[in-house]
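Participant: Here it is, the structure in full.
The values are calculated or read from the model by the stated rules, or taken from the named source; none is laboratory data. These numbers come from a predicted model, not from an experiment. Glycine gets a Cβ as well: all are built from the backbone with ideal geometry, and neighbour counts include every protein chain shown.
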Amino acid sequence: MPHEVNEIINRMRETVVGFGEYGIRFRDREGEVKAFLGRVLAASRVGFIYGPFGAGKSTFLKTLASAMQNTGDVIFVYYDYNVPIVQESMPEVMVYAPVDIKRVVIEALRSIQLASPFVSVNLGEVLKVMLGVLSREGLRDVEGVVFVFDEYDRYLKSKAGDPNFRDLDYVAGALAQAIEHADVRRIIFKELADRRLYFLFPISDQTALRIAMRLGGKGLTMPYLLWNLPRQAFREVVNEVAELTGAKNVNVDLLWNLLGGNVRELEVLVVDYNWDYRRWLQEEVIERKIIRTLEEYERAGRFSSIGKVLESLVDKGRAAAGDYGLGEFMGQPDAVEGDYGFLENNIMINLTGAEHLSELPTEPWIGKRYAYQIPAYYWVLRAMIRKGINVKPEDVLEEINESGGN
């Protein structure tokens, strides 16, 4: 496999991925590809790829699987638990393998009724069928099989019947039950002990860390962190999208300080807001993320107003900043620590306890233990610390300009 890494990377760079009504070239991720092939596929285990919401986890995995499908070394079996698909029938099954293998695997897997809301029952059946295919079709030379269960955490939340359901322990428990199922463990550790078998769950929130802590070493689980695009690759994406849409005088450096390489949020800015970053800041970041999160925390009954929540956050942050030697508290991620609902609402993310597939940039919105999922959240909170709860986009832009990040 190592001698094919560069060829796989080149194939991925030739891929066109969706961006609104347009298509743009897949970029960068060379380091993530090498880490995935060299470390993630080094053992039979259960992995959780997590990272900022919109960092491109699904795009990365599908593009990698497609680039590898004709090598014959590794078969990717991709279950897409996209909720509309599941509601209509069952998870969409995609197999990335040479054509003759793909046909056999798809036919075998589609014979399984995946109607149960818990993969704990079906995962064992999937493994039994795959074991039979590998033996029956003479595919003993296949180095490994990677099962990807995408959007499964969202699917579990949808089954709870509440779109705002955020009980991470519920999701973690359901996935842990799936992995600990007797049939699954027996097949992984006995019948397929001589080959690499991997179960991968791309997850956008803190569920991955909860599951890993719940299962511990006995489940051979490992969370992997995949981050937003690095600065140069993001610059290339912005310039390509600007050319496609006819946008003029786009401030790429400002967009880096607002989006931090998150392509999905760039798509929201371009498609939904026609590049109007001030309106995007007001509606998407200030109102729908920061204010709404503080309101949820207020409704928990601990504070009389969101202003009081902010005051508590500042008091705690100042104490933490002092303890950690961070200087004046200006919203540093390690001082905020993801409290006040910031982790659950995907404003912040925990960086500890995971193996990093991506190299994180050195920026004020990324700490050693915590980070903001996009920098706009950091700048808004920083403006609130200085000016109070009722900040406007101009206040946020002023913070960026005064810090030299323009």
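Participant: Pull up the stretch 340-376, narrow it to residues that are in contact with a Ser or Thr (Cβ under 9 Å, 6 or more places away or on another chain) and over 22 Å from ARG231 (Cα atoms), then point me to the one that is surrounded by the fewest Cβ atoms within 10 Å (Cβ to Cβ).
Facilitator: GLU344
Participant: Among the candidates VAL93, VAL33, VAL46, VAL83, single out the residue that is modelled with pLDDT under 85 and buried (at least 21 other Cβ atoms within 10 Å of the Cβ).
Facilitator: Within the list VAL93, VAL33, VAL46, VAL83, the selection yields VAL46.
Participant: Also, quick follow-up: Looking at this structure, is SER358 touching a residue at least 60 places away in the same chain (Cβ under 8 Å) and of a type outside the set (A, V, I, L, M, F, W, C)?
Facilitator: yes
Participant: OK, next. Would you mind stating whether THR362 is out of contact with any strand residue (DSSP E or B) (no Cβ under 9 Å at 6 or more places or on another chain), polar (S, T, N, Q), assigned to a loop (DSSP other than H, G, I, E, B) and on the phi < 0 side of the Ramachandran plot?
Facilitator: yes
Participant: What helices (runs of 4 or more DSSP H), lying completely within the stretch 214-325, carry at least 3 residues that are of a type outside the set (D, E, K, R)?
Facilitator: 231-245, 252-259, 292-297, 306-324
Participant: For VAL268, state whether it is of a type in the set (Val, Ile, Thr), surrounded by fewer than 20 Cβ atoms within 10 Å (Cβ to Cβ) and touching a helix residue (DSSP H, G or I) at 6+ places or on another chain (Cβ under 7 Å).
Facilitator: yes
Participant: Considering only residues of the stretch 226-265 that are within 19 Å of PRO393 (Cβ to Cβ) and small (Gly, Ala, Ser), which is surrounded by the most Cβ atoms within 10 Å (Cβ to Cβ)?
Facilitator: Checked the stretch 226-265; the qualifying residue surrounded by the most Cβ atoms within 10 Å (Cβ to Cβ) is GLY260.
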